[in-house]
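Down below is the structure, laid out as structure tokens.
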Amino acid sequence: MHPISIIKLHEGKDGHSSVFFLMCTDLFSAIMNLVMRLDDKCLKLSKSRKEACQRLNLETVEDVLRYYPFRYDVMEHTSFENWKVKDKVTFEAKVVTAARVFRKGRLTTANFQVMYEEQILKVTIFNRPWVTNLNVEDIITITGIYQGNGRVTAVNYDTKRFEEHPAITPVYSLKEGLQQRTMRAIVQQVFEAVENEIQDDIPEEFIRRYRLLRKRDALYRIHFPSSSKDVDLAVRTLKYEEFLHFFTSVIYMRSKDVEEGSKPVRVFSVSKIRDKLKQLPFTFTKDQLQALNDILADLSSPKPMYRLVQGDVGCGKTAVAVFALYAAVLAGYQAALLAPTEILARQHLLSLKEMLGSEVRAGLLYSGLSKEEKKNMLEGMADGSIQIVVGTHALLQENVMFHHLGLVVTDEQQRFGVEQRRALVRKGDGCDFLLMSATPIPRTLASALFGEMNISTIHTMPKGRTAPITKRINENSFRSVLDEVRQLLSDGRQLYIICAAVEEGESDVRNVETVTENIRKLFPQYTVASLTGPMKSEEKEAVMNMFACNQAQILVSTTVVEVGMNVVNATGMIIYNAERFGLSQLHQLRGRIQRGSTQGQCWLLSSAREEKTLQRLDTLVSTNDGFVIAQEDLRQRGPGDILGTRQSGIPDFILGSFNDDTNIMDTARKDAAYICEHPDNPDYAVILDRIASRYQEEYVD
């Protein structure tokens with residue numbers, strides 16, 4: 001076998017924008033052929049093949065061509081004397097006895113004997129009743145598992161000679177009911193329809209320098225290889241292309257994310273900040289103080305701040321951000337804090353008022369405000385009487401104006417697209433820009449991903465903060481821990497129950513509506529509330545207040561509670577269908593149940609049986625280190641979620657791995673920087689135009 005490890009889940013210069021968006025007719029045609037939808041008549045896909053693609057979420061030609069095999073079956077002759085029990089074997093043999101078939105219900109079992117290298121082997125095969133058509137003396141090729149003592153459990157057989165079979169056969173990840181030969185036929189049909197339109201994204205000089213394949217050749221070899229060497233060459237080329245696309249896109253995105261230039265130095269009273277810190281009921285950790293000092297130094301610099309503060313759930317990033325906002329106000333500027341949800345925005349405003357008191361005039365802006373409330377907020381922001389505004393996407397609207405905006409802080413930065421973040425920064429003049437993320441990544445990777453962005457990392461946790469205990473339950477039901485859940489509730493604690501869906505849909509996915517109904521029957525003595533994203537702001541607020549005040553003891557919710565929930569008494573969490581969430585997201589969710597000193601308990605429910613899935617979930621059981629978890633998430637799912645770039649045209653990884661392909665990654669990063677530094681070079685037009693068109697696609701609407 002020759003396995004391929006599949007990972008899925010998977011600075012511009014002023015005045016050169018025209019180069020990014022320059023698209024010649026031939027290039028545009030080539031790009032359009034790759035994004036062509038599979039229902040296009042020119043592909044001539046049958047209805048059944050289109051339906052097969054839909055089941056695999058394949059919508060375009062590019063989706064199909066990038067749906068790489070996850071492993072390959074290699075035909076190798078192995079002598080019987082070298083077979084080991086449980087080996088997968090393929091061999092040519094002569095039938096020596098007719099097959100006998102036994103039936104039990106719908107199951108059929110067939111037994112017959114064959115000769116291979118003078119050895120008589122007993123073959124068993126299931127659900128192949130037509131095996132009785134074989135005649136004694138027939139030569140067949142069998143693939144199966146060797147059970148020892150001359151017994152083979154066959155997976156398949158045919159009447160071709162061994163040498164007539166392909167030396168290497170791709171194996172695709174498929175859903176139940178789909179067959180490998182169907183997928184291979186779809187890939188071949190799509191490839192043949194567009195093969196003459198496939199252009200190289202990698203510039204010619206890099207193809208020659210690194211002896212890479214042409215893209216058309218690489219795609220052909222990875223899907224239709226004649227040897228393992230073909231696969232190796234194809235994977236090498238396609239990995240480099242993925243990294244080159246990624247880093248070129250990141251640099252392009254970064255040029256959209258922050259303005260170059262200078263700003264007035266922010267002058268503020270450091271002694272006032274020190275005094276305010278001393279008034280807090282807690283003490284900043286060493287890392288919090290270092291992060292704050294980094295920010296204050298940036299504010300005092302003539303260069304606009306572009307900094308990321310990253311740290312694990314509960315490490316105290318919000319407190320650092322509050323004092324950054326305070327420093328901006330002391331310097332005579334307004335400041336804005338952008339949060340992804342109303343719940344989180346409200347929590348931030350509360351934290352801000354608790355830490356700064358009445359010295360700073362702060363307000364909240366979100367879509368659910370009444371007309372009068374919104375009018376007053378907008379007027380206060382425009383005339384400067386509101387010094388700090390905390391808000392949701394409502395802050396991004398065109399009618400939102402500031403008197404003198406000097407600092408923008410974005411929390412959970414991966415929740416916002418590049419243009420969204422930039423839209424708020426544009427409302428000021430020479431704004432400082434601070435991003436916060438609770439999905440930390442190691443510094444070496446952060447440097448590779450974020451380039452010139454300055455990074456402050458908070459490793460240390462506040463004193464008294466204990467980690468939640470996490471258990472994986474091998475079923476999508478918590479009946480095996482029901483006694484523990486009952487004890488938690490009887491002790492007066494509260495419980496979160498997380499579902500992957502809002503309402504009934506897929507049969508194997510628990511939804512908020514059904515679970516809420518069932519939990520109310522199971523625990524009639526407690527008040528059960530439900531919370532989902534589609535609910536109106538007023539409804540969400542009412543439910544959150546109920547839970548925060550312990551008027552509801554159980555909250556059934558989607559991942560809307562992932563951020564911004566700070567209910568100290570809620571110490572239990574049940575997560576249904578845990579395999580459907582990313583590790584970092586699961587880590588964020590369980591961070592809701594360790595807000596105080598009481599031990600939190602998190603139960604991950606999953607009926608999944610795939611070894612990789614179970615190993616992934618066990619990462620959460622074995623560690624509470626957000627950096628370890630984020631690195632594993634990055635390895636398995638790619639950097640799109642962490643960067644907040646899935647909605648920004650940044651490509652995900654299929655073959656490339658940030659952990660395993662550091663040499664290719666470093667080389668591609670340097671090449672991407674060179675490409676973006678020389679956008680007028682016509683040899684770079686293909687890759688730059690593909691990136692620009694992908695970016696445009698997201699924001700044209």
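Could you report the accessible area of D200 in Å², rounded to 10, computed with a 1.4 Å probe on the protein chains as they sit in the structure?
Near enough 40 Å² of accessible area.
Tell me which residues come under 5 Å, amide H to amide H, from M36 once H is placed; ignore anything under 5 positions away on its chain.
The list, which skips near neighbours in sequence, is V61, E62.
Step through the residues of segment 202-216 one at a time and calculate ³J(HN,Hα) from phi using the Karplus curve (6.51 cos²θ - 1.76 cosθ + 1.60, θ = phi - 60°), rounding each to whole Hz and writing x for Gly and Pro.
Whole-Hz 3J(HN,Hα) from phi for segment 202-216: 6, x, 3, 5, 7, 4, 6, 4, 9, 6, 8, 7, 5, 4, 4.
A 19 angstrom limit on the alpha carbon distance is what I want to check against. Which of K50/K215; K471/K612; K215/K239 exceed it?
Violating the 19 Å limit, Cα to Cα: K50/K215.
Cross-link partners among lysines for K104, C-alpha distance below 22 Å, same-chain residues fewer than 8 apart left out?
K122
Rounded to the nearest 5, what % of DSSP beta bridges with both residues in the chain are antiparallel?
Just about 40 percent of them are antiparallel.
Heavy-atom accessible area per residue, the chain, 1.4 Å probe: how many Å²?
Heavy-atom accessible area per residue stands at 46 Å².
Along the positive direction of the dipole of the chain (beta-carbon charges: Lys, Arg +1; Asp, Glu -1; about the Cα centre), which of M377, Y252, V561 reaches farthest?
In the chain, that residue is V561.
With viscosity set to 1.002 mPa s at 20 °C, what whole-number translational diffusion coefficient in µm²/s follows for segment 117-255 from Stokes-Einstein and a Kirkwood radius over Cα pairs?
For the chosen part, D equals 113 µm²/s.
Sorted by accessible area with a 1.4 angstrom probe, largest first, how do R236, R595 fall?
R236, R595
Quick one: compute a quarter of the convex hull surface over the Cα atoms of segment 455-568 and quote it in nm².
9.8 nm²
Stick to the Cα atoms of segment 92-145, pair each with every other, and give me the Kirkwood hydrodynamic radius in Å at one decimal.
Kirkwood radius, segment 92-145: 11.4 Å.
Which one, I386, T460, T598, is farthest towards the positive end of the dipole of the chain when Lys and Arg carry +1 and Asp and Glu -1 on their Cβ?
T598
What are the lysines whose alpha-carbon lies under 28 Å from the alpha-carbon of K276, with same-chain residues fewer than 8 places away excluded?
K276 reaches K263, K286, K303, K317, K353, K463.
Can you list residues from other chains, or at least 5 along the same chain, whose modelled amide H is less than 5 Å from the amide H of T470?
Distant-sequence amide H within range of T470: C602.
Using just the helices of the chain, give the 222 nm mean residue ellipticity in deg cm²/dmol: DSSP H runs with n ≥ 4 each add -39,500 (n - 2.57), and the total is spread over all residues, rounded to 500.
Computed mean residue ellipticity for the chain: -11500 deg cm²/dmol.
Tell me which aspartates and glutamates have Cα within less than 19 Å of K84's Cα, excluding those fewer than 8 residues away on the same chain?
The qualifying aspartates and glutamates are D73, E76, E92, E117, E118.
Under 5 Å between amide hydrogens, which residues at least 5 positions from S173 or on another chain qualify, with H placed 1.01 Å from N in the peptide plane?
F70
Translational diffusion coefficient of the chain at 25 °C, 0.890 mPa s, Stokes-Einstein with Kirkwood Rh over Cα pairs, in µm²/s as a whole number.
In µm²/s, the coefficient is 85.
Could you grab the Rg to Rh ratio for segment 262-335? Cα atoms only, Kirkwood for Rh.
Reported Rg/Rh, Kirkwood definition of Rh: 0.95.
Counting only protein heavy atoms, what percent of the accessible surface of the chain is carbon or sulfur at a 1.4 Å probe?
In the chain, the share of accessible area belonging to carbon and sulfur is 47 percent.
The values are calculated or read from the model by the stated rules, or taken from the named source; none is laboratory data. None of these values were measured; they are calculated from a predicted model. Cβ atoms come from the backbone with ideal geometry, glycine included; neighbour counts cover every protein chain shown. Just the protein is used for accessible areas: all its heavy atoms, side chains included, with ligands, DNA and RNA removed. Shrake-Rupley method; radii C 1.70, N 1.55, O 1.52, S 1.80 Å.
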